[in-house]
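I have placed the structure first, in the form of structure tokens, so that the comments after it can refer back to it.
We did not get these values from a lab; they are worked out from the coordinates using the rules stated. This one's a predicted model, so the numbers in the text were calculated from it and none came from an experiment. Methodologically, a virtual Cβ is constructed for each residue, glycine included, from the backbone with ideal geometry; neighbour enumeration extends over all protein chains shown.
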């Protein structure tokens, strides 16, 4: 740097001159503070407010306002020149004029250790540290040398920006529009808000994850890791067709208060768009999860919930911390259009658990899931959760309420001991639209050792399904207010269940039974409207069928019809001889069934209004 930098009254070079108006407009609060505090005060004034720096300490009338138009104390320079300056001074503020890296720097004479990161700290040949004046801990990735041209390696620049959270109470990192090529994973730390432009692309050019909140040498327990993180805007392009090794878009573990908003994650290879391990208080909203590739994991989830089990990636602690209080709303799951990729097999779900570790308070609402090749939503060992307002279209299966079996790895502890079945329970599934599926609309799974329980399935619409509309193996379940039409198997099927109420549903055009209860105890089938069931062939299926060891069932007030030109039922209501303690009242079975509108072979059914006591 030329000697003019050290002159009390420097004369800026012609090619770096900057007008007073432009300089003052560029200052902002941080720049003004830096300029005014540095001028005649040294580093001790850096903590002063703009008011104090301009007018002096309150109560000292002898201090006069400083002349902001006197720019003799502000030196236009470049990053290269500032690094070459071997005579730093606290009497000046330095304005860096490098394109997209403009800003005010001051000499911090007390700092002899902080490393040069190009963006907020510059170290001169003499070891002097120049610090950028920053507003509200907000930095720009371009300050650190990021190009965003799709060709340069921008890994170091973006990581340097994210590293600011390690030395500040918080960091707001802005990444402008552009394509930023990464050759290594990015690590995001606590109290970080990563805000990307809608046209910002973080492009994976390596075999790891795109972003994660832990490094290989981090050891975190419970929720004590890097939390209070927001990632907003932009596109994480996992580049699966060119980078074939397993990766996640985002891998997060052992943390709380995580927000993903307006973010697109695309073309993930065999991993997950967002892997949530041992997290709580997570909000994912208005995001897109598009495109993936996988080998054998046909069930892979875009958003995977899991407890902290054996580390799938280095840095996690397997202390079984559960994931809970997660909300996924207003998101889209589907294809990306990239040749060689497919839509996500599963939008939101889990496939692994641990004894006594439940996924609690999971809310999945108002999302669109398109062309899922497994189950669009898989609540695996969820409790106290809500699945509402989602539109699932052209999927393999709709919603699979799943429970770990007694012999599965999810029921086994670290000592190899299997625990009793711990079912999914206390789940509300309402106001969803499931339009076109090659499997069931909703399937509640159960086992002889334990079934799903306390499930409410209400006010959903199902159409064009190749499987069952609703298939249940559960206890204490309510199915009400649903519309089910054009189903190639049963409208509603329950087996090995107890205390199930099926009421006020509209069922049309099913190939098999309208409603079938098999081995069900204390089932109520009431006030349902069933039209055109048994369309697989004349006299093959019934409108309502009670089979197996059903006991203490009540079939009340149902209406069955078959429209002209449709296949005819075998029976409107068909009750097997093995059914016990049936109550049957006031059903309208005028459906023109071939073998008869009613066949009840059960012993002594109750058909009166007399109370049973």
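Between residue 361 and residue 438, what is the FRET efficiency for a Förster distance of 41 Å, r being their Cβ-Cβ separation, to the nearest 0.05?
Computed FRET efficiency for residue 361 and residue 438: 0.85.
Taking every Cα atom in segment 308-386, find the radius of gyration and the maximum pairwise distance Dmax, and write them in Å.
14.5, 42
Taking 0.36 nm per residue of separation and subtracting the Cα-Cα distance, what length does fully extending residue 109 through residue 414 add?
Values: separation 305, 0.36 × 305 = 109.80 nm, distance 5.45 nm.
Value of the extension gain: 104.3 nm.
Extension gain residue 319-residue 245, at 0.36 nm per residue separation less the Cα-Cα distance, in nm? Numbers along the way, then the final one.
Working: separation 74, 0.36 × 74 = 26.64 nm, distance 2.69 nm.
Between residue 319 and residue 245, full extension yields an extra 24.0 nm.
If all Cα-Cα distances of segment 378-444 are sorted into 10 Å bins from 0 onward, what percent lands in each bin, rounded to whole numbers?
Calculated P(r), rounded to whole percents: 21, 41, 25, 12, 1.
Could you check the spin-label model distance between residue 407 and residue 283? Points 7 Å from the Cα along Cα→Cβ, value in nm.
So the label points at residue 407 and residue 283 sit 4.6 nm apart.
Between residue 330 and residue 536, what is the label-to-label distance in nm when each label sits 7 Å out along the Cα-to-Cβ direction?
Taking the two extended label points, one gets 4.4 nm.
Can you give the angle from 0 to 90° between the axis of helix 20-38 and the longest principal axis of the chain, with both taken from C-alpha atoms, to the nearest 10?
It works out to around 90 degrees.
When a/c reaches 1.5 or more, the comparison of a/b and b/c decides; with that in mind, is segment 112-159 rounded, prolate or oblate per its Cα gyration tensor?
On the way: a/c = 2.92, a/b = 1.54, b/c = 1.90.
Cα axes put segment 112-159 in the oblate bin.
What's the exposure ranking of 168, 344, going from fewest to most Cβ atoms within 10 Å?
Least crowded to most crowded, the residues run 168, 344.
Distance between Cα centroids, segment 568-592 to segment 300-362: provide it in whole Å.
After rounding, the separation between the Cα centres reads 44 Å.
At R0 = 35 Å, how high is the FRET efficiency between residue 613 and residue 459 if r is their beta carbon distance? Nearest 0.05 is fine. Can you show the working numbers first?
Working: r = 35 Å, r/R0 = 1.00.
Between residue 613 and residue 459 the formula returns 0.50.
Would you order 549, 296, 495 from fewest to most other beta-carbon atoms within 10 Å of each residue's own beta-carbon?
Details: 549 13, 296 7, 495 18.
Ordered by Cβ neighbours within 10 Å, fewest first: 296, 549, 495.
Roughly speaking, what is the centre-to-centre gap between segment 164-229 and segment 102-154 when only Cα atoms are used, to the nearest Å?
Their Cα centres are 18 Å away from one another.
How long is the gain from residue 297 to residue 135 if the chain were fully straight, where each residue apart is worth 0.36 nm and the alpha carbon distance is subtracted?
Details: separation 162, 0.36 × 162 = 58.32 nm, distance 4.63 nm.
Roughly 53.7 nm would be gained on extension.
Give the percent of DSSP beta bridges with both residues in the chain that are antiparallel, rounded to the nearest 5.
The answer is about 10 percent antiparallel.
Calculate the spin-label point distance for residue 221 paired with residue 125, positioning each point 7 Å from the Cα along the beta-carbon direction, and give it in nanometres.
5.2 nm
Hey, what number do you get for the chain at 222 nm if only DSSP H runs of n ≥ 4 count, each worth -39500 (n - 2.57), divided across all residues, to the nearest 500?
Values: 4 runs with 39 residues, N = 613.
Result for the chain: -2000 deg cm²/dmol, rounded to the nearest 500.
May I ask you to sort 381, 195 by Cβ crowding, counting other Cβ atoms within 10 Å and putting the fewest first? Don't skip to the answer; put the middle values down first.
Numbers: 381 28, 195 17.
Least crowded to most crowded, the residues run 195, 381.
Which entry in (1) 26.7; (2) 30.7; (3) 28.0 is this structure's computed Kirkwood radius over Cα pairs in Å?
Here the calculated entry is (3).
Report the residues of segment 462-480 in range of a label on residue 431: point 7 Å along Cα→C-beta, backbone N strictly under 17 Å from it.
462, 480
If you average the C-alpha positions of segment 257-294 and of segment 241-255 separately, how far apart do those two centres end up, in angstrom?
Each part's Cα centre sits 10 Å from the other's.
Tell me, what is the FRET efficiency for residue 394 and residue 170 to the nearest 0.05, using R0 = 45 angstrom and their Cβ-Cβ distance as r? Spell out each step's value before the answer.
Details: r = 43 Å, r/R0 = 0.96.
Efficiency at R0 = 45 Å is approximately 0.55.
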